[in-house]
Structure formats: structure tokens, C-alpha cells
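Read the structure below first, then the notes.
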Amino acid sequence: MSLETVVVLAAGEGTRMKSTTPKVLHEISGLTLLGHVLHAVSGLKGKNLCIVVGAGRELVEAHVAQIAPHATTVFQEHRGGTGHATQLALAGTSSQGTVLVLAGDTPMLTGASLEALLEVHHKGKFAASVMTAEHPDPTGYGRIVRSEDGSLLRIVEERDASDEEKAIYEVNSGVYAFDGVKLAAAIGKLKNDNSQGELYLTDVLEILRNDGGSIAAVLIEDFIEILGVNDRAQLAESAALLRDLINDNLMKAGVTIVDPISTWVDSTATVESDVTLLPGTWIAGSTKVASGAVIGPRSTLLNCTVASGAQVIESHCTGAVIGANASVGPFTYLRPGTQLGTSSKAGAFVEMKNAVVGDGSKVPHLSYVGDATIGEGSNIGAATIFVNYDGVEKHHTVVGDHVRIGSDSMLVAPITIGDGAYTAAGSVITEDVPPGAIGVARAKQRNVLGWVLRKRSGTKSADAASRHDDGKKG
Ligand code: UD1
Ligand code: MG
């Protein structure tokens, strides 16, 4: 027998999350809870993938269409329990082969454990096989009740369990492999005679056993894998465990993580060996960091690409491409469309958006660069603003190669500063500056001699000025 159908149960309201977002759409480590589960099943060779949706149906369906377009969804209008949800899923699929059923709220599951469960299930030709684990705090989970010979008798939910049963540490993961034909025959026999008045999928195991089927309870080593997320505390707990797992793997692969507790790398991000991650750093989304880069302390990179040898200090970057040996920060905000060339710089208190900065060009301090193309080897003086917005539309600025923009220049777009050109400090540049020219656009200075003694007499400034002949003039 081989795997035919994978059913993911994701229709519950997630009442305990107290959220307007459906539970399975809450995120940890760059993926939704459902995304983690679908990632775990993605390597299995099941023919059909069916996801039962209910609460927040439109949102969950839209998400499924995005991350698993080959999946079908089945709508469960009212919460009737995990057994009811599985009934609905099976109604639309063939009962041949093996049916794997799992919940959409167990993000730590791995494909390897699912394969191990399927292997036991197929080898032993079981009617059903359930994945279990020994949990140090089994509160809230269904307990695995075994008979004296060790075989599985039934699963009892916490709410329906006796004190004796509550003392059992072996819990139900909510992951099951079924003989599809036997499951189809048994699932119609479910009854809702439990404290929640629901059809429990767990009860199918007892039905199959009573019908003479053999059931396997496959105990996995690490209970972490089966952690279910039902509330915000469990969400944080799973996120932290996943963080530790990812950090351990990165460190084994040659990444220096100075403070693993405060360093978060999404499961969707890539960090090469010999990268250094300093405390308080979050490598998020599809970010890729190449060897030799140093990130942090306290930096966020979301959907960024960082080339080798670059450094990012105390900065927030989204959708930016940071070139080899480029330097970012401290306190820099790079927004989508920023591309920093090799050995370029976006220095302290600089914001950039939709800006291409050529190789070796530097924006060292306190500037805004929006909608711009800067050539190679140019320097943008402190406090320069690329004035890109006229109140209605955004306009583009072009700065050539080896340009020197004086400090506190306003470059009012659309405008082009030619190769090798300069602008004088404090200029409001509203017209193109030709190559090799200097643009000067500021009022000429005039000094009114003796003004302080006349207008501010008796002040410390006047005292200081009166020590000089110049100070008394005028
Ligand atoms: C369930 C199991 C429990 C197990 C635990 C593991 C049952 C009766 N209990 O409890 O033995 O230890 O998972 O995490 O199965 N769902 C639907 N439709 C419904 C009800 C639930 O699709 O009508 C989905 C939920 O969205 C969720 C999954 O099924 O993804 C499990 O439901 P949940 O309410 O979280 O069950 P638990 O109380 O965690
Ligand atoms: Mg649950």
C-alpha cells in the first residue's frame, strides 16, 4: 500500500488564540502554522492534498492558493470535531491506499517523522497508526491509553479523562496514518457522546480495534515535534524552540551566533557559513546572507540579499540588495528597491528607497535618498535630501560617477547631476548640473558687523564679542 491522500485539518476557530486571524494563519519563523505543516508534508508522495477549512475560510483558502496551489480545500461550516472534519475530507476523495491525517496547528512536525510513521504503518499493515510522544506536561492533549500488552486501547481527551488517565504522559500528536478503506468504513460510526458533543477522530482508533483491526502507536523520541499551538503562549513556545533548532543547525554549519537567544533566523531565510550574527538580530523572510557578512547588533533584514563581506549595524532593511563589502548603519532604514553596490555605504541615520547606489559610492550621514540612481565613486554630503515628492507624484534623480554633493543639498527631482559635478553645500538644486560643473544655489552671505553689541548688549555673547576689535565695529 502507498500514500494516497493527505488530509490537513485546519477548520477550527482557534478560540484559545483570542484572535481575529484564523489560528492556522498565525506565523512563526517566517511561515504560518499551516505553512509549516504543508512544508512537512511536501516531501511525501501523496497523490491528493486536501485541507479542511472553516473559520476564516476566505483568508485560509487564499493562503492555500498561494502556498499550495495543488491542494484542494473542503469547507466545514460548523465545528463538528476532528472526526467530522475528516468525514468531509474523505467524502471528496478515493478511499484507496493510505490516508494521512494531521492537524494544521502542529508546526514543529518534520517530514522525516511523518515518513517514519508511514513506514511502520505500511510494514505492519496496520488499520491505523498514530504518532505519539511522551510530553512532560501533557495538559490539554489526548492521552494514549494502552492495554496490559502495550497495544493501544484508545485515546481519551483531557476533558473526558479520569484522574488516572490524566496521569498518563504519552499523548496523541494528532497525526495518523489509516488504511483508507477501513477508515472510510469506520468513520461513519463515530458518535458525539463526549464532553464537547463533537465527533472525535481519535475514537476511530477504538472502532477499528473493536472491528478486529490492529493499531500501532508510534512513539517518537522528541515531544517537541508534536507540540500543538492552541494559544499565544504555545505560539511563543514553539517559535522559541524553532529558533533554537535553526540556530543550532546554523552554528553546526559554520555561522557565528554570538547570542542565540536573541537571534532569530526565519526557516525561510538562508545564512551561509562564516557569517557573524550579533545580538538582537532578525534575519527574516526570504533574506539571503552570504559568507563573511556581519549583521547586527540589533538589525532586521526582511527579504534582503546581502553579499559577502558586507556589514549591517543597528539597522532595519526590507527588500534591499546589499553589495559585497558594503556598509550599512548604524541606525539606517533601507526600504524596498534599494540596491547598494560593492563597497558602497549607507551610513548613520540614512533612509533609502528605490535607490541604486553605484560601486564605491557613499551616503555617509543623515540623508534621505528616494527614487534615485547614483553612479560609481560619488559622495553624498551629510544631510542631503533627494526631494522626490512634489505632493502628487514621485520623481527620479540621477547622480553620475564621481560626483560630490555638498552637505545639506536639496536635489529637487526630476534632476540630473552630471559625471564629476559638484554642488555647493546648502544648495537647493532645481536645475540639472552639467558634468564637471558646480551647482551653487544659495543666498550670498553678508555679515552685519557689531550687531550683537547693539541688539544683545549685556549678554555673554556681547561680552565675548567685546573682547575683539571686530566685535565692536559697525
Ligand atoms: C487534538 C486531538 C488530541 C491531540 C491534539 C494534538 C481530537 C479530538 N483531539 O486536540 O487528542 O492530543 O489534537 O495537537 O482530535 N479542526 C477542524 N474541525 C473541527 C475541529 C478541529 O478542522 O471541527 C482542526 C483544527 O483546526 C486543528 C485540528 O483540527 O488544526 C485539531 O483541533 P484542536 O481543536 O486544536 O484539537 P486539540 O484540542 O488540540
Ligand atoms: Mg490543537
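Extension gain, D163-A185: 0.36 nm per intervening residue step, less the Cα-Cα distance, totals 4.7 nm. Helices in the chain, meaning DSSP H runs of at least 4 residues, each add -39500 (n - 2.57). Divided by all residues, the mean residue ellipticity at 222 nm is -6000 deg cm²/dmol. Remark: the chain carries a charge dipole of roughly 2360 debye about the Cα centre, counting +1 on each Lys and Arg Cβ and -1 on each Asp and Glu Cβ. When peptides 249-258, 282-291 are sorted by average Cβ neighbour count within 10 Å, with the highest value leading, the order is 282-291, 249-258.
Relative to the longest principal axis of the Cα atoms of the chain, the long axis of helix 82-91 makes an angle of roughly 90 degrees.
Per-residue packing, averaged as other Cβ atoms within 10 Å, sorts the ranges 456-467, 359-370, 13-24, 430-441 into the order 359-370, 13-24, 430-441, 456-467, beginning with the highest. Any idea how far the Cα center of segment 428-474 sits from the one of segment 204-229, in Å? For segment 428-474 versus segment 204-229, the Cα centre distance is 84 Å. If R0 is 56 Å, the Cβ-Cβ spacing of T139 and H468 corresponds to a FRET efficiency of close to 0.10. Distance from the alpha carbon centroid of segment 373-425 to that of segment 70-138 works out to 60 angstrom. Taking the charge dipole of the chain about its Cα centre, with +1 at Lys and Arg Cβ atoms and -1 at Asp and Glu Cβ atoms, the residue from L245, N354, G197 reaching farthest to the positive side is N354. Under 5 Å between amide hydrogens, built in the peptide plane, is the criterion, and for T318 it picks out L302, L334, R335 among residues at least 5 positions away or on other chains.
Short-range pairs are left out: with C-alpha atoms under 8 Å and at least six residues apart, the relative contact order of the chain is 8 percent. Rounded to the nearest whole Hz, the Karplus-based 3J(HN,Hα) values (6.51 cos²θ - 1.76 cosθ + 1.60, θ = phi - 60°) of segment 373-383 follow the sequence 10, 10, x, 8, x, 8, 10, 10, x, 4, 6, with x at glycine and proline. Karplus-based coupling profile of segment 48-62, in residue order and whole Hz: 10, 10, 10, 10, 8, 10, x, 4, x, 3, 4, 5, 5, 4, 5, with θ = phi - 60° in 6.51 cos²θ - 1.76 cosθ + 1.60 and x standing for Gly or Pro. The three principal axes of the Cα atoms in segment 3-226 give end-to-end lengths of 48, 37, 33 Å, sorted in falling order. Mind pulling the angle between the C-alpha long axis of helix 232-252 and the longest principal axis of the chain? Nearest 10 degrees, somewhere in 0 to 90. Tilt relative to the chain: about 70 degrees.
Beta bridges assigned by DSSP with both partners in the chain are antiparallel in approximately 20 percent of cases. Here E225, E206, E148 are placed in order of increasing Cβ neighbour count within 10 Å, fewest first, which gives E148, E206, E225. Couplings for segment 156-167, taken from phi via the Karplus curve 6.51 cos²θ - 1.76 cosθ + 1.60 with θ = phi - 60°, read 10, 6, 3, 5, 9, 8, 6, 4, 5, 5, 5, 7 Hz in order; Gly and Pro are left as x. Give the angle, between 0 and 90 degrees and rounded to the nearest 10, that separates the Cα long axis of helix 111-123 from the longest principal axis of the Cα atoms of the chain. For helix 111-123, the angle is close to 10 degrees. Within the set of other residues whose C-beta is less than 15 Å from the C-beta of H316, count the net charge using Lys and Arg as +1 and Asp and Glu as -1. So the surrounding residues net to +1.
Taken together, the values in this text are just the output of simple stated rules run on the coordinates, not laboratory data. All of these numbers come straight from a predicted model, not from anything done at the bench. Here the Cβ is made from the backbone with ideal geometry for all residues, glycine too, and neighbour counts use every protein chain on show.
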